[in-house]
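See structure below.
The values are calculated or read from the model by the stated rules, or taken from the named source; none is laboratory data. Note that the structure is a prediction, hence the values are computed from the model and not measured. All Cβ positions, glycine included, derive from the backbone under ideal geometry; neighbour counts span all protein chains shown.
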């Protein structure tokens, strides 16, 4: 039995007639009628999916997007040296791209959700992997378009190469005036578009589709040179981005390994970490580490290739004094990057600073509600009450420089209060919160002046 290996990769065996291929490609590249309606729906679906961070919705937009038709048509025109076919295909593709950018920009300008989702961010940093996907997808798409019977290849290629989401991401960048989103997303689209066109060109060359006109060898060589140079120029930035991505992934893996092996123990747990500008910040809960232990951890980072130049910063708290709620807040704060605003203070320190203020504010609200509910019933002249805790510096020489807290109550009255009533109110305030220092001021309703005693009928 003779076996011909050339038959394994034979693309001509079940290919459609050349006339049918040309007609099919021209039809897919059309921007009128059903194709235009489908383009509009694909743009809206992709924009909503990116806006709502829904992968399933974005995949739906990929499946129905007609953008690939124009790219395959351009590749076909290049393979057949049909300049008019190329121009028509490029004009149609240009219209589709412009229409997608404008429509998505309008959508994101009107959308109440302006936050950049992970799906949007994922389409701003193309790498060499996107080049490989575009090449493979373009080859598969061109082969699928040239078969006697269309297969399920095209939907798969549409998902893999993802043309519509990058365009809508660029529209988001236009709407939010973000050059990062615009340039990154357009670069991703350009990579996909160029290499899909290139791979389609190569497939049609393998199939030996007939040229529309006689072409000399020098022109063919010129075309190949231009495509080669363009491919190299487009690919180089993606290779660099791929290097950065791989480097970040390796470093992140080493950080996790370092924390798991060197930092975490039965007495110490790492709840979160962040790496920025060469500084690795690790949040720990448990038995506090000594300075010597932190120094040892810093030295052990030298055995990790991506961490040799990194600085270690430990933020730690005692597990006995920090509960689950505080731990969750640590994680939230790390994600939001709030630790930088507090110059790396421990979360135990931050809690001691901010929680008392929160308690004071809650207490002030309760007192204010009680004043407005009870004082007007006891003293009908009172029409409104306000109050808040204020810092009070001592004037006593023995406590010079010390600071205490006082609750300042401001009462608006419709008629002057007697000194006796004023004293009763002062006592009521002291009984409400015995540990605080209270000071009262009174203001006559309808008068601008608010100096002390304005609402008391002094004898």
Worksheet entry | Positions within segment 64-88 being farther than 14 Å from residue 196 by Cα and surrounded by 15 or more Cβ atoms within 10 Å (Cβ to Cβ), in sequence order | 64, 65, 80, 81, 82, 85, 86, 88
Worksheet entry | Any hit, segment 184-203, residues being without any contact (Cβ under 8 Å) to a residue 24 or more places away in the chain and assigned by TED's automatic domain parsing to the domain that holds residue 67 | yes
Discussion item. Among the residues of segment 284-301, are any within 30 Å of residue 78 (Cβ to Cβ), more than 30 Å from the chain's Cα centre (by Cα) and assigned to a helix (DSSP H, G or I)?
Written reply: no
Discussion item. Can you confirm whether residue 40 is over 16 Å from residue 119 (Cβ atoms), at pLDDT below 90 and under 28 Å from the mean Cα position of the chain (by Cα)?
Written reply: no
Practice prompt. Would you point out which residue out of 116, 104 is out of contact with any strand residue (DSSP E or B) (no Cβ under 8 Å at 6 or more places or on another chain), over 19 Å from residue 237 (Cβ atoms), in contact (Cβ under 8 Å) with a residue 24 or more places away in the chain and not in a helix (DSSP H, G or I)?
Written response: 116
Worksheet entry | Matching helices (runs of 4 or more DSSP H) fully within segment 138-236 where at least 3 residues are within 31 Å of the chain's Cα centre (by Cα) and over 20 Å from residue 127 (Cβ atoms) | 153-161, 164-176
Worksheet, complete the sentence: residue 282 vs (1) within 16 Å of residue 313 (Cβ to Cβ); (2) touching a strand residue (DSSP E or B) at 6+ places or on another chain (Cβ under 9 Å); (3) free of Cβ contacts under 8 Å to residues at least 24 places away in the same chain: all pass except (3)
Discussion item. Tell me yes or no: at least one residue of segment 373-393 is modelled with pLDDT under 80, in a helix (DSSP H, G or I) and farther than 24 Å from residue 444 by Cβ.
Written reply: no
Practice prompt. Considering each residue of segment 222-267, count those that are in the same structural domain as residue 281 (by TED's automatic domain parsing) and touching a helix residue (DSSP H, G or I) at 6+ places or on another chain (Cβ under 7 Å), and give that number.
Written response: 3
Worksheet item: What single numbered condition from (1) crowded, with 17+ Cβ neighbours inside 10 Å; (2) out of contact with any helix residue (DSSP H, G or I) (no Cβ under 9 Å at 6 or more places or on another chain) fails to hold for residue 108?
Response: (2)
Worksheet item: Quick check: anything in segment 307-324 at pLDDT 75 or above and surrounded by fewer than 12 Cβ atoms within 10 Å (Cβ to Cβ)?
Response: yes
Discussion item. Among the residues that make up segment 240-263, is at least one of them surrounded by fewer than 16 Cβ atoms within 10 Å (Cβ to Cβ) and part of a strand (DSSP E or B)?
Written reply: no
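Per-residue answers, yes or no, for (1) within 22 Å of residue 242 (Cα to Cα); (2) buried (at least 20 other Cβ atoms within 10 Å of the Cβ):
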{"residue": "124", "(1), (2)": "yes, yes"}
{"residue": "132", "(1), (2)": "yes, no"}
{"residue": "142", "(1), (2)": "no, yes"}
{"residue": "161", "(1), (2)": "yes, yes"}
{"residue": "165", "(1), (2)": "yes, yes"}
{"residue": "184", "(1), (2)": "yes, yes"}
